[in-house]
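The values are calculated or read from the model by the stated rules, or taken from the named source; none is laboratory data. Predicted, not measured: the structure shown is a model, and the values here were computed from it. Heads up, the Cβs are rebuilt from the backbone with ideal geometry, glycines too, and the neighbour counts pull from every protein chain shown. Ligands, DNA and RNA are stripped out before the accessible areas are found, and what is left, the full protein with its side chains, is counted by its heavy atoms. Shrake-Rupley method; radii C 1.70, N 1.55, O 1.52, S 1.80 Å.
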Amino acid sequence: MAQAAIAATAPEGMLIAPIWKRVVALSLDAFLITLIIALPTQTMFFGYLMAIDLLLTPLAPYVIGTWIIHLTFYWLYFKYTGRYYGRSLGQRAMRIAIVHDDGSILGEAHWGRRAAHKTKYVIPFIGVILGLLDVFRTWRHETKRSPIDLANHTVAAVDWSLPEKTRGGLR
C-alpha cells in the first residue's frame, strides 16, 4: 500500500524501510553516541535527568553544558555521517538508505537540516514523547514516511532495492 502511494515518483522496485528497522537504527545511533560522549563529559547523559532538582543547584551550568554538548554532538554525528555515508551508522547496519523521493542520493546541503530534525529525539524527557508520536504518525501515514522524511522530501528506503546508480553512491 505504501509502495503504491509513492509509485508515481519512486523508481520501480524501491521498497520503504519498515518502521521497526528505523527505530532500531536510531536506537543503535543513540547508544553509540551516548557511549562515546559519556567518556569526555564523565557522566551518562541521562544520569542527570533522574534528579531534575540539579537544575536548581550550583551544578546547573554543568548539567546544561552537558546537555548542550550531547545535542551538538548528535547533530554533528547525523550531519556528517549522512554526508559521508548517505545515512547514519545505525541506518547502515539496518540496510536503510536515505534518498530523495525519486530515489536519487541527497546532496551535502540536505544533511544539516535533516540532522537538526533528528536531534529533537534526544532532548531530555521531551524527545522520547516526540519520538513515540513520530512513530505513530509514520505508522498512520499512507506512504509510511516519517515527519522528518516529509519535511525534507526524503524516503527511508531499503538499500538493496534502490537503482544501481544510487546504490553505487552509498557507502
Between rounded, prolate and oblate, where does the stretch 65-163 land on the alpha carbon gyration tensor, with a ≥ b ≥ c its root eigenvalues, rounded for a/c under 1.5, else prolate if a/b exceeds b/c?
oblate
Under the classification rounded if a/c is under 1.5, otherwise prolate if a/b is larger than b/c and oblate if not, where does the stretch 98-137 fall, given a ≥ b ≥ c as square roots of the Cα gyration tensor eigenvalues?
oblate
Can you give the FRET efficiency for R95 and S27, using 1/(1 + (r/R0)^6), R0 = 25 Å, r = Cβ-Cβ distance, to the nearest 0.05?
0.95
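Tell me, what is the per residue accessible area of the stretch 71-171 in Å², probe radius 1.4 Å?
Numbers: 5120 Å² over 101 residues.
Roughly 51 Å² per residue, with all protein chains present.
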